[in-house]
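*Asks:* Below is one structure. I have some questions about it.
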Amino acid sequence: MAKGVFHVIVHATALLCCTVGICGETEELGTCAKDDGVDCGSQSLEVTPVITKLDGVEVGHVQDVILGGKTHQMTTLSMKPQVLEIKHFLTDEECDHMIRLAEKDGMFDSVTNTPTKSTNVKIMDMNRDTVLNLREFILTIENSFDIYLDEDDMLKMYSDLGMDTNSDTDISREELHSQDPKSVIDWLTEYVAKRPHKKSRMSRQAWLYPSKIRDKVLDEIQERVISLVGLPRILMDKNDEFQVVQYGPKGHYHAHWDSGSWTESYPCCHHLKTGSGQRCKSCRFMTVLLYLNEVEGGGATAFPIANNETFDEHSFRMSGKINLHRHCEDANLVVPAEKGKAIIWYNHHLDPTTGWVGELDSFTLHGGCGVTSGHKWIANKWILVSDDRDKDLDPNFRPNRT
Ligand code: OGA
Ligand code: FE2
């Protein structure tokens, strides 16, 4: 291997609440920017809009929410992060209808990165002992290629490529340097082509835009979500899409965050014009996840580090618990998929000084566990909000629709 192709990087890596529905003071103040259905008194217009969260109160708390004239019960599953659940948020017919709309629109593969020759591989020699143990090599591959291997896969690679010359399952600097990186990349490419479930995500998806489709059922669902979350209507109207996802057998989505950290320098994708081609980050203040069918086996949503005291990304990655095929049951919070159920959480903290969206909440790390039998259908509704209140509330700022 050419020296310098692999280089050592040790990769280092934050409430305000209101009551359900109408949030008293904050709601009145928060939504007067545009046609949000809130009666804005003349004084309110001078008040800086704020963003709010529903209050789960405590784990196990059940509260009534009235949506479209119907009373639903919302249960608090967790407080760190706050995860709220509403069973029968959708009727069976609505679920089936969403699936049909997505199928009609056309499902396509959910995309993740694929290995390329030019990938800048970062060697994850975590303990800096100049030797890669199995876990460190697995991490190196996860980070650079978005391929999630287990130890057996790695041993097969060592043996196929004759990499581990002394068979000690550690790859020394010499063993690494005597290997042509292309052979490793070719091996990975072929291996994952036959085993797509080794990617961070294996699913198909479609985007449904209520404003474009003009479908009565979808419009009703959209209105129900808007009533539930109690956020400024402009935020909901500017980015109204639902992402419908279908997981087949072995389908999954390993642990991830739905949103980016404000410390990432890229702009928010929803602040870019469609097709700008610019690199951007997802800025999703809130996730509303709707389960659209009963899954025969597996397919729960897992929050591996919910309620942990602290979080250290590197030790988490080293533990392998990011892999929700293998470690679903090890997650601190596991929410089973049930047709018609909605779960919601906030990917960001609130910033008490600005009253707007604050830093990413690391404890929202979550993913979709492996589907062991049958199919799993969900719909994601992300409420896109950044730390830039003016842009988010600007009615003339058109959304990115890719
Ligand atoms: C997602 C996601 C979880 C699930 O689509 O972003 O986290 O249970 N899905 O499918
Ligand atoms: Fe997610």
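The values are calculated or read from the model by the stated rules, or taken from the named source; none is laboratory data. Please read all numbers here as calculations on a predicted model, not as lab measurements. Don't worry about glycine lacking a Cβ; one is built from the backbone with ideal geometry, like all the others, and counts go over all protein chains shown.
*Asks:* Kindly indicate whether Leu350 is away from ligand 1 (no atom under 14 Å from the Cβ), at pLDDT below 95, buried (at least 19 other Cβ atoms within 10 Å of the Cβ) and of a type outside the set (D, E, K, R).
*Replies:* no
*Asks:* Among the numbered criteria (1) among the hydrophobic types (A, V, I, L, M, F, W, C); (2) at pLDDT 95 or above; (3) within 26 Å of Glu136 (Cβ to Cβ); (4) away from ligand 2 (no atom under 14 Å from the Cβ), which single criterion is violated by Ile322?
*Replies:* Exception for Ile322: condition (4).
*Asks:* Another question, then. Name the residues in the range 65-103 that are under 24 Å from the mean Cα position of the chain (by Cα) and of a type in the set (A, V, I, L, M), would you?
*Replies:* Across the range 65-103, the qualifying residues are Met74, Leu77, Met79, Val83, Leu84, Ile86, Leu90, Met98, Ile99, Leu101, Ala102.
*Asks:* Right, something else. Need a quick list: helices (runs of 4 or more DSSP H) entirely within the range 164-236 having at least 3 residues that are buried (at least 20 other Cβ atoms within 10 Å of the Cβ) and touching a Gly at 6+ places or on another chain (Cβ under 7 Å).
*Replies:* Filter on the range 164-236 gives an empty set.
*Asks:* I'm told Trp345 meets every condition in (1) in contact with a Leu (Cβ under 8 Å, 6 or more places away or on another chain); (2) closer than 18 Å to Gln82 by Cβ; (3) away from ligand 1 (no atom under 13 Å from the Cβ) except one. Can you identify the failing condition by its number?
*Replies:* Only one criterion in (1) in contact with a Leu (Cβ under 8 Å, 6 or more places away or on another chain); (2) closer than 18 Å to Gln82 by Cβ; (3) away from ligand 1 (no atom under 13 Å from the Cβ) is unmet by Trp345, namely (3).
*Asks:* Follow-up. Is there any pair with a first residue in the range 294-314 that is at positive phi and a second that is exposed (fewer than 14 other Cβ atoms within 10 Å of the Cβ) and part of a loop (DSSP other than H, G, I, E, B) whose Cβ atoms are under 9 Å apart and which are 6 or more apart or on different chains, and what are they?
*Replies:* Gly299/Pro336
*Asks:* Also, quick follow-up: Inspect all residues belonging to the range 304-317 and state whether any of them is under 14 Å from the mean Cα position of the chain (by Cα), within 16 Å of ligand 2 (Cβ to nearest atom), surrounded by fewer than 22 Cβ atoms within 10 Å (Cβ to Cβ) and modelled with pLDDT of 95 or more.
*Replies:* no
*Asks:* Just a yes or no: is a residue in the range 234-246 over 26 Å from Arg317 (Cα atoms), within 16 Å of ligand 2 (Cβ to nearest atom), in the same structural domain as His327 (by TED's automatic domain parsing) and of a type in the set (Val, Ile, Thr)?
*Replies:* yes
*Asks:* Still on this structure, I have one more. Considering the range 295-342 alone, what residues qualify as being touching a helix residue (DSSP H, G or I) at 6+ places or on another chain (Cβ under 7 Å) and assigned to a helix (DSSP H, G or I)?
*Replies:* Those that are touching a helix residue (DSSP H, G or I) at 6+ places or on another chain (Cβ under 7 Å) and assigned to a helix (DSSP H, G or I): Arg317, Met318.
*Asks:* While we're here: Might you check whether a residue that is assigned by TED's automatic domain parsing to the domain that holds Asn347, surrounded by fewer than 22 Cβ atoms within 10 Å (Cβ to Cβ) and among the β-branched types (Val, Ile, Thr) occurs anywhere in the range 256-268?
*Replies:* Yes; the residues of the range 256-268 include at least one that is assigned by TED's automatic domain parsing to the domain that holds Asn347, surrounded by fewer than 22 Cβ atoms within 10 Å (Cβ to Cβ) and among the β-branched types (Val, Ile, Thr).
*Asks:* Follow-up question, since we're still on this one. Looking at Val295, Val334, Val357 in this structure, which one is within 30 Å of Cys95 (Cα to Cα), of a type in the set (Val, Ile, Thr) and in contact with a His (Cβ under 9 Å, 6 or more places away or on another chain)?
*Replies:* One residue alone meets the criteria, Val295.
*Asks:* Have a look at Gly60, Gly21 and point out the one that is part of a loop (DSSP other than H, G, I, E, B), surrounded by fewer than 19 Cβ atoms within 10 Å (Cβ to Cβ) and modelled with pLDDT of 95 or more.
*Replies:* Within the list Gly60, Gly21, the selection yields Gly60.
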